[in-house]
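Read the structure below first, then the notes.
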Amino acid sequence: MAGHLVAAGTLVDEDPDQALAHARAARDRASRVAAVREAVGVAAYHAGDYAEAAREIRAYRRMSGDRGYRAVLADCERALGRPDVALRLVAEALAEGPEADETTELRLVEAGARSDLGEHAAARLVLEGALGGRPDPARLDVDDPDQVRVAAAYAELLRVMGEDEAAAEWSAVVAAASPDDDDIVFDEIELEIDDDVEEPLTTTGEDMPADQAPEVVERLPEDDEDLGADFNAQVEAEVAELLGETEPPEGEPHSPQD
């Protein structure tokens, strides 16, 4: 199990599909370990399997109590065609006063969701606010990776809005700073492997070498006793609540990310 986690963390940027295969193999052996569900979620996100990413990250959050990955969850909702849900998650996260780096991630998702809804002017205001208001490409802090990433998204939005000259100016500054190509880039996962963690009794066979591709496990494990037998039903109900298809239970606050 540990070998698969190490392989997943190592490959997540260069070969996300292989990283996901390793993470799934670890989940097949130890589905009750929170770090395993985190690894599957992050690898699935990088591999573009946003439904699985959202499921696994929510599982990790429930198991660990960690309230992180809020921007990732919002971006997954956007990728799944639910920009309204993404905006709701972003608003709730921003209301909690996140750190500056997480705020940048959330603003990027917010701008993308606004653009998805055709609200390009609103998206522009979000990005301009993140750039300090009345942004000028000549004053961009090219030593600040977050500002460069926001500038890249701003340049793309200007292009979509037909402001090609301004878009070219921003793109030139961004290109000179050599940023990542992605509009939104999350930190590489770092998994701490506890050598004292025992393998479940259901584990069979030896872990495969980290450099050998494992068999892809398409089936989610069904023995998440720590989460309760109705975990999948809880996730489905949570998403339905986010979409406004159901109302939260009486007396309980609306907190979709808990």
Just wondering, is there one or more residues in the range 129-139 that are among the basic types (Lys, Arg), in a loop (DSSP other than H, G, I, E, B) and on the phi > 0 side of the Ramachandran plot? yes
Closer than 30 Å to residue 166 by Cβ, touching a residue at least 12 places away in the same chain (Cβ under 8 Å) and touching a Phe, Trp or Tyr at 6+ places or on another chain (Cβ under 7 Å): is that true of residue 117 in this structure? no
Neighbours by Cβ (under 6 Å, 6+ apart or cross-chain): first from the range 17-33, without any contact (Cβ under 8 Å) to a residue 60 or more places away in the chain and within 14 Å of residue 3 (Cβ to Cβ); second outside any helix (DSSP H, G or I) and of a type outside the set (Phe, Trp, Tyr): 19/12; 26/1
Can you pull out every residue in the range 95-119 that is surrounded by fewer than 16 Cβ atoms within 10 Å (Cβ to Cβ) and assigned to a helix (DSSP H, G or I)? 95, 100, 101
Write out, first by first residue and then by second, each pair whose Cβ atoms fall under 8 Å of each other, whose residues are 6+ apart or on separate chains, and whose first residue, in the range 81-101, is within 14 Å of residue 54 (Cβ to Cβ) while the second is of a type in the set (Lys, Arg) and modelled with pLDDT of 95 or more. 86/78; 89/70
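Answer yes or no: is there a residue in the range 132-145 that is touching a Phe, Trp or Tyr at 6+ places or on another chain (Cβ under 9 Å), surrounded by 24 or more Cβ atoms within 10 Å (Cβ to Cβ) and either farther than 17 Å from residue 45 by Cβ or not assigned by TED's automatic domain parsing to the domain that holds residue 49 (or both). I'd like the intermediate steps shown before the answer.
Within the range 132-145, the first condition is being touching a Phe, Trp or Tyr at 6+ places or on another chain (Cβ under 9 Å), and the residues that meet it are 135, 137, 140.
Subset that is surrounded by 24 or more Cβ atoms within 10 Å (Cβ to Cβ): none.
There is no residue in the range 132-145 that is touching a Phe, Trp or Tyr at 6+ places or on another chain (Cβ under 9 Å), surrounded by 24 or more Cβ atoms within 10 Å (Cβ to Cβ) and either farther than 17 Å from residue 45 by Cβ or not assigned by TED's automatic domain parsing to the domain that holds residue 49 (or both).
Evaluate the range 2-22: report whether one residue or more is assigned by TED's automatic domain parsing to the domain that holds residue 161 and among the polar types (S, T, N, Q).
Applying the first criterion (assigned by TED's automatic domain parsing to the domain that holds residue 161) to the range 2-22 yields none.
Within the range 2-22, not a single residue is assigned by TED's automatic domain parsing to the domain that holds residue 161 and among the polar types (S, T, N, Q).
The values are calculated or read from the model by the stated rules, or taken from the named source; none is laboratory data. What you see is a predicted model; the values in this text were computed from it and never measured. When we count neighbours, we look across all protein chains shown, and the Cβ atoms used for this are built from the backbone with ideal geometry, even at glycine.
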